[in-house]
Each structure stands twice: as structure tokens, then as C-alpha cells.
């Protein structure tokens, strides 16, 4: 390297001795700092170390900014937050507006509960709230300075005003946009969201046409690069049976001009509207979609007990009519409703890689409306209350038979069509899988990497069924059975008994070969235990274990004395002078971890009603 170019790699005097060495190349320092993007505390300390580290660390410190607003003053160690100044939320906005760090921000998140006055007071006067307007002006000033912003998330409980929309439209590098609409029923002025042609990911939450009459049609008409669309509607409409959402209104300009959106990832949450296939086909190219999510959109699970007061049944049925015009080929499906109609779609879903049949269910609020669906209609696990015990038993038997028949339809589609390409699979807890079904699933889906299912096996026998054949599996979750009747209660009780006695010692320190799946022995006389070199996480109900590296342990076994010595080896007492044989046993370290540490694993992450 020439002397002219060496100054790019050699540190100045102020950065030397910081990392304990006399000289460290700047490229190495930058590489180390790049691993600290999520550690704000370490980044702030490095900024105070030296001038060179300050300039190298500052872009990482301000790369992602999250400002959380709280409705009241919070205290930490007896001291109020922001003592001597304003709240951390306000001081963060002030730093973006008045300092030179705003161009360093790439991701900006505004979340929380902003304390503002009753909006109905201003609505009766035909005005926008003063507090909300001042907040939008401050955020607008901050966005004008964040010229390099790539992702923006508005998760505040206040309404976003047109000036903020205009500032977002002027950002040339903005790619991801998350908008949360307030749930207040106070009247608001109609806002036409301006076009943002560079947006490729849009997520809207808590949308209610009767609360937030914002018009998205212009945005969709110019969204040529949009590939991901997540639409979360307020659950109030489905709970109250109000079909105030018209899907065609969002895409009316696309429908008129026959300009299609080429979406690859679509998510619908709490949608309660009538399906219009022809209008949707003029606005969206369904052949491009390979990731589809629908949660709380198609009504309750299919059941022989249908409530006549279910106000959503007629509109939900329009989504279950098969159409030959819609032939998507998804690779990811995330659904919460179990219905025979969906099995027909699975029978044509060749190439499906991830299937998440979510166990979580939406519990509607009691709105006082007589036709509002109750939690009994939403949950497939609650039998209808009867005064006759015999009638209740017959109802449980009919419900169990229908559930088994529906399970077999799903398993036929999964094993016969989707199995060879399937990698992630979540099955409902209401479908306990016997040994025969597990064997069939393993043979048809050998490429599974994550599996979540209720497996009926005694002890650790299921490991000998699953682990040796699913060589790519690294995350396994055993769900608690949630079936009805006496058989369901027995299975749930046995599972609770098994989980309550489960700890790290059950895996790593027990000496019986039948109950030690993570023990590897060199002895050829003993039954070979199952090795789980590729398994990393194992879950049993609410308990999660992490499988670690292999370590060696020396096991001493007393040698049986001969009968001539007048003593036997069945007394159970091992003397220090008794001859023992030593054996080196290799075991794997097993550690119990909280569920928060596996929140990134899909079989835990996707098994919820969250917008992902």
C-alpha cells in the first residue's frame, strides 16, 4: 500500500488505545460498530469516547429512532422522566428539528398515547384539535429535515393531518409506510392521501370508514412499486355486524382505468365486507401474490352448531364461493378459520412452503346488540349450553366427529399436495395427531424446518418419530391438546402432568436411555439414543428449551460382584472400594428460556393475531 492511500486505514492519535491496541484500522473499527446497531447504550458510550468514534458511531446511533408518547408523567427511581426539560418524546422531536442529526435517520417510529383534549369539543365547533394540530406541525418540520428517511411508522392514537401526508410525499427515499388511524368516533375532515410512487410496503391499522374517512384511491392509483399491502380494519365493524367497508372504494380509480397492482404480499385483518371478484380482478393481479394472510375475515370456524343470530354469516359466505378466475399460487398462507372451502384451495396449492393455521381467535366485545356474535360462536372449543346432560354429550360427540372429518380433509391436502415443498407448518391444537398421522406427515413432508402441532405420544417417543427423519428440522413446538369431551380432558391432563415435571434435568442428566433423547453413548450394548444435532428450540406448551452444544460426561457404573463372594449387585449401595467401570457419555446442554427469546421463530411469531 502506498503512503498516499494508507491514511484511510491508519487511526489518528485520538482513537489509538481505545480498543486496547496501539493501532487499529478504521475499517475494522467500522466493522465492529456495525454489530452494535441494536445496542443504543453501547453506541451512546462510544460517542463519548473520542472524536473519531463520535463521528463513526453517530450515524448508527441515529439510524433508527423510536419516540414513545405517554399520557402521564412516568417516574424512574423516584425521578420524573425529562426532569428539568420536556418529555423524551418532545425532546426527541426537538433534536430532529433543531440539530443536524435528522439526515442520519433512516427509520422513524412515533408511537404511544398522546395526551390531548376531548376531540368532541372541537368537533362540535367544526375545528381540528389544537393539540393534535400542533403535534402534526412539529412532526411535519421533523420530516422535512429527515431527507434520507426510508421507513416511517405512525402508531399514535391521534389523527394524521394533511401537512404530514404532504411531507411524506416529498421524501424521495421513503419505501415503507405504517399508518394507524384513531378509533374515536368524532367527526374528522376528509383527507385525500397524496400519491407516493416510491412506496413498496404499506400497512394501515384500525381503519374504520365511519371514524376515518381518508381516501386511499389516489395513493393506490399511483403506487406502481407497491408489493406489500397490510390492511387492518377495526374489529368494531365485525363485532357489531356493520358492513361499512367497500373494498372497491379503495381501488376505484384502478378499476376504472384497469390499472392493476402487482402485490406479492397481502394481509387482511378483521375485514367485514362483501366479496366482489370482478372488481378485485381489475385492480389486483392475483397471480403475483405468493404470501397471503387472512385473520378474522371469514367468520367462525365451520361447525355443526351455527347460531341463527350471527349477523356476519351472509356476508362471510360470499368469500367461500369458489371462483375459477382466481388461481393464485401462494407460497405462504396464514389463516385462522378452518373450513372445507379452504381445503379445496390447499388441494391446488402446489409449491406451498409455509402454512400457518393460527390457534388464536378474536373475542368480540359485548356491544349490547342482540345480533352481535358471541364468543361461543367464535370459539370452536365451547359447546352450546344445555340443561340436559345427555344432549350435551351428543352435541360434543357430533362436534368432535365434525372436527375429525375436517382434520382429515386438511391432512389429505397437506400430505398429498403440499408435503414435498412444505417447510413451516402450524396445526391447530384442536387436532391431536396420533402416531399414524405423524408418520404420514413425516413421510410426505421431509423438508420441514419448523413444526408446531399437538402430538399424542407417551414420554419422549415422538422424538424417535420426528427427529431421525426430519433432518432439516430446527424448531419443534408441541401444543397442548384442546379437544372436547372426556377424551380431550384426559389428553389435556396427561399433557399438563408431563409438562409440569419437565425441566433441564429431564433432557440432559437422566440416565435411562428410553427417556433421554439428547444422550449419545459410545457403548454398543445399550440402545442407541437419538441425537438432535440440528434441533435448536423445543417447546412443550408454555415451556421452551434451547438445545446447545455437546459436552462429555464420565459415568461410573459398579461392576456386579460374583455370587461366590456372597454379595450381589442389587442392594443399590455402591461402596468407594467397589470396582466401577467408567464410560464417556456425550450429552447436549439444555437450557430453559422464556418465550420472548423465541419470538422471532415463525411457529411462535405467526401463531397470533398480530399484524406481521
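Read-outs throughout are calculated quantities, based only on the coordinates presented, and are distinct from any laboratory measurement. Here the structure is a predicted model, which means the values were calculated and not measured. We place every Cβ from the backbone using ideal geometry, glycine too, and count neighbours over all the protein chains shown.
Please state the shape class of the range 130-285: rounded when a/c is under 1.5, otherwise prolate if a/b exceeds b/c and oblate if not, all from the C-alpha gyration tensor. The shape class here is oblate. Pair-distance distribution of the range 149-224: all C-alpha pairs, bin width 10 Å, starting at 0; shares per bin in whole percent are 19, 57, 23, 2. Each of 552, 602, 583 was scored by other Cβ atoms within 10 Å of its Cβ. Listed from fewest to most, they are 552, 583, 602. Each 10 Å bin from 0 upward holds the following percent of the Cα-Cα pairs of the range 42-86: 23, 30, 36, 11. Take the Cβ atoms of residue 74 and residue 496, set R0 to 35 Å, and the FRET efficiency comes out at 0.35. Across the alpha-carbon set of the range 192-267, the Rg to Rh ratio works out to 0.97, Rh being the Kirkwood radius.
Computed from the C-beta positions of residue 552 and residue 31 and an R0 of 22 Å, the FRET efficiency is 0.05 to the nearest 0.05.
Calculation over all alpha carbon pairs of the range 99-201 in 5 angstrom steps from 0 returns a P(r) of 2, 12, 22, 25, 18, 11, 7, 3, 0 percent. Using all pairs of distinct alpha-carbon atoms, the Kirkwood hydrodynamic radius of the range 30-120 works out to 15.0 angstrom.
Overall shape of the range 168-211 was characterised from the C-alpha gyration tensor. The equivalent ellipsoid obtained from it has semi-axes of 24, 12, 7 Å, in decreasing order.
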